1. Taking a ≥ b ≥ c as the square roots of the Cα gyration tensor eigenvalues, with a/c under 1.5 meaning rounded and otherwise prolate when a/b beats b/c, else oblate, which class fits the range 24-123?
2. Using a 1.4 Å probe and counting only protein heavy atoms, arrange 64, 164, 82 so the residue with the most accessible area comes first.
3. Tell me the label-point distance for the pair residue 164, residue 243, using the 7 Å Cα-to-Cβ offset, in nm and rounded to one decimal.
4. Would you mind checking 239/281; 239/309; 16/253 for any pair whose Cα atoms are more than 20 angstrom apart?
5. So what's the convex hull volume per residue for the Cα atoms of the range 164-251, in Å³?
6. How much of residue 251 can a 1.4 Å solvent probe reach, expressed as accessible area in Å² and rounded to 10?
7. Per residue, how many Å² of accessible area does the range 64-214 show with a 1.4 Å probe?
8. Looking at the square roots a ≥ b ≥ c of the eigenvalues of the Cα gyration tensor of the range 113-223, which shape do they give, rounded for a/c under 1.5, prolate if a/b is larger than b/c, or oblate?
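The values are calculated or read from the model by the stated rules, or taken from the named source; none is laboratory data. Nothing here was measured: the structure is a model prediction, and the numbers come from that model. A quick note on method: Cβ atoms are made from the backbone with ideal geometry, for glycine too, and the neighbour counts reach across all protein chains shown. Heads up: the accessible areas ignore ligands, DNA and RNA and are worked out on the full protein's heavy atoms, side chains in. Shrake-Rupley method; radii C 1.70, N 1.55, O 1.52, S 1.80 Å.
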Amino acid sequence: MEANALLTPRKIIIFKAIVKEFIETAEPVGSRLLIEKYNIDYSSATIRNEMSDLEKQGLIEKTHTSSGRIPSSKGYRFYVEHLMEDEIHEGIENVISQIFMNRKLGLDEAIRQSVDILTQMTNLTSMVLGPTSKTDALKSVQMIPISKSNAMVVFVTQAGHAEHRIFNFEGEISIEELEACTQILNDRLEGTPLNEVIDKMELIRPILSQRMVQYEVLFEAFVNAFMKFAQDEVYLSGKDNMLYQPEFANIDKLRQLTDMLENSQVWKEMSASHSNLRLKKGEHAELVWVDDLAFIQSSIDLGDDEEHKLMVMGPSRMEYGRVLSLVEYVSTMIESVYGKGGNDE
């Protein structure tokens, strides 16, 4: 249904001004401000009556501390679905496209740089979720001794992702033991889906015990390192940006937000749940609202069942048109350059 079938032109003007002002200031909006700042050519009494109607329709609401109004969750949904205009500037497109012109960059680095640019341009928190463990498999493991009591393990997946983790031993481990463990792991785990590696490790525990003296120490160290690798699929940029938003001045809300930012599992669940709050918009991106937070996320399909999720998180009063356009543009660029059949010119 079109917006003008739900609201009169006068209500649309007033409602859009309320949304715009609250996005900019995070302050409740009154009729006098609408007249003075937005040059709305109606009397205060008329504007108050229209605002009362908008409140009855559930699009705006009063706060406990002010007589002004703010957009409601329903109001944001209505705004995004019917009134929002996409906003992206040529300068922004140029900055992002420069990243992808550097063909020396690997996929992971290009995506991370894009996430950092999204953070800088939105002053929000941006992140990317790597391919899920169900769609990638372990290709090889390499253990590099650093000292007598710690080593670095490098995991390489069949999708071409490489990560390293440092782990420590209780006591000393010989180079021979490390080499033997590495050989067994590569022989037995190559091609194993990432989400099945831990279970398969239990099956090869007896083999390790026959070949190595300190197999328990290495076994536990490897499992712990691998679990961190498998769970650490989230690259987060601009975490502190959310801490300074006025919505989270309340200490309890701030604590909940901090816990969310530090728990990578939250983002995986977020990308797959809350379907009743989700509103699709555009070819790639969709919006998800949770309490005072809004998430704009986009799936990036690179072929061969390899999918990344690009997300920008902000307060529910974020600049939806601008952020949505940025996320859409970045997702499209990544797919066109690095996706299956992408342009290699």
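1. Verdict is prolate for the range 24-123.
2. These residues rank, largest area first, as 64, 164, 82.
3. For residue 164 paired with residue 243, the spin-label model returns 2.9 nm.
4. As for pairs spanning more than 20 Å Cα to Cα, those are 239/281; 16/253.
5. Values: hull volume 13.4 nm³, N = 88.
In the range 164-251, the Cα hull volume divided by residue count equals 152 Å³.
6. We get 100 Å² for residue 251.
7. Averaged over the residues of the range 64-214, the accessible area is 54 Å².
8. Prolate, since a/c reaches 1.5 and a/b exceeds b/c.
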